[in-house]
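Okay, structure first, notes after.
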Amino acid sequence: MKVKIQTMLGDIVVRLYDETPIHRDNFVKLVEDGYYDGTLFHRVIKDFMIQGGDPDSKGAPAGKMLGVGGPDYTLEAEIKDGIFHKRGALAAARQGDEVNPERRSSGSQFYIVWGQVYNEGQLKQFSKQLRMQKVQQAFNALAASHREEIMQMRRERNRVGLQELQDKLAAEAESQVKGGGLTEEQQQIYATVGGTPHLDGQYTVFGEVEDGLDVVEMIQGTATGRGDRPIDDIEMRITVIE
């Protein structure tokens, strides 16, 4: 399934992944309903990404803060190994972990990655951070499954037992994460094509630009003002083309 994002700077053709059907089908439905037509790329950060999909951006006056609009639902995360934030990736925006620990996606807001090209040392650091994140996620899941036991130990002030359980769960989490860092493919892409590796495992990527990456480059380089909103509005119209 492909869609075309039309802007005054040119068109962007995006292929939606079958591996993320929840996001694919939701995006296609919104496109077919005309939900995005007249909305803006309301948040643009050079060497990072361009973001759109806020219905409140339609006809928004200059200076209005944008970025919180959307339908009255969120989407279950579809964060997949092997699908990552390379340049041109289409991903779903979302609220932060502190209020959204399940990393559910916005019902409509999305971003297209631009990012940077990274050297070997930087990629090693990203790989280490990514593995640590996966181990922490595994530990949190294990701790949640032992919640009653942990709460009972806390009520009894059983510090020794609690520490032993935490150590056991930490070791189990470590064993669950095989490798866990950036793959060879990720490292090669981030070292040549570019992207945003620090977002891997955090947000759902559900498509990629097949044509019009030069348009993404122009948009990400546009002048912005308050709230990273482009000074000159960049409207979009999206249609399904395949």
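Odds and ends about this structure:
- Conditions (1) at pLDDT below 95; (2) surrounded by fewer than 17 Cβ atoms within 10 Å (Cβ to Cβ); (3) assigned to a helix (DSSP H, G or I); number of the one not met by residue 214: (1)
- Members of the stretch 49-62 that are in a loop (DSSP other than H, G, I, E, B) and open to solvent by 50 Å² or more (accessible area, probe 1.4 Å): 58, 59, 61, 62
- Check on residue 80, in contact with a strand residue (DSSP E or B) (Cβ under 9 Å, 6 or more places away or on another chain), outside any helix (DSSP H, G or I) and either acidic (Asp, Glu) or surrounded by fewer than 16 Cβ atoms within 10 Å (Cβ to Cβ) (or both): yes
- Residue within the stretch 4-21 that is touching a Phe, Trp or Tyr at 6+ places or on another chain (Cβ under 9 Å), of a type outside the set (A, V, I, L, M, F, W, C), buried (at least 18 other Cβ atoms within 10 Å of the Cβ) and over 21 Å from residue 227 (Cβ atoms) present: yes
- Residue within the stretch 180-202 that is open to solvent by 70 Å² or more (accessible area, probe 1.4 Å) and closer than 30 Å to residue 62 by Cβ present: no
- Among (1) touching a helix residue (DSSP H, G or I) at 6+ places or on another chain (Cβ under 8 Å); (2) open to solvent by 90 Å² or more (accessible area, probe 1.4 Å); (3) modelled with pLDDT of 95 or more; (4) of a type outside the set (Gly, Ala, Ser) - the single one residue 235 does not satisfy: (1)
- Any hit, the stretch 103-118, residues being more than 25 Å from residue 219 (Cα to Cα), open to solvent by 20 Å² or more (accessible area, probe 1.4 Å) and part of a loop (DSSP other than H, G, I, E, B): yes
- Scanning the stretch 83-96 for residues that are more than 10 Å from residue 201 (Cα to Cα), open to solvent by less than 60 Å² (accessible area, probe 1.4 Å), part of a loop (DSSP other than H, G, I, E, B) and not hydrophobic (A, V, I, L, M, F, W, C) yields a count of 4.
- Any hit, the stretch 178-188, residues being more than 30 Å from residue 143 (Cβ to Cβ) and either in a loop (DSSP other than H, G, I, E, B) or β-branched (Val, Ile, Thr) (or both): no
- Selected residue (criterion: nearest to residue 90 (Cα to Cα)) from residues of the stretch 28-42 that are part of a helix (DSSP H, G or I) and open to solvent by 50 Å² or more (accessible area, probe 1.4 Å): 29
- Which listed residue, of 191, 223, 171, is of a type in the set (A, V, I, L, M, F, W, C) and at pLDDT below 95: 171
- Residue pairs whose Cβ atoms lie under 8 Å apart, sitting 6 or more positions apart in sequence or on different chains, and linking a residue in the stretch 169-184 that is under 22 Å from residue 83 (Cα atoms) to a partner that is of a type outside the set (Gly, Ala, Ser) and not in a helix (DSSP H, G or I), are 182/200.
- Criterion (more than 16 Å from the chain's Cα centre (by Cα), farther than 14 Å from residue 238 by Cβ and not in a loop (DSSP other than H, G, I, E, B)) met by exactly one of 18, 25: 25
- Residue check, residue 134 outside any loop (DSSP other than H, G, I, E, B) and surrounded by fewer than 13 Cβ atoms within 10 Å (Cβ to Cβ): no
The values are calculated or read from the model by the stated rules, or taken from the named source; none is laboratory data. The model shown is predicted, which means the values in this text are computed figures rather than measured ones. Positions of Cβ are generated from backbone atoms using ideal geometry, with glycine treated the same way; all protein chains shown enter the neighbour counts. SASA here: full protein model, heavy atoms, side chains in, ligands and nucleic acids out. Shrake-Rupley method; radii C 1.70, N 1.55, O 1.52, S 1.80 Å.
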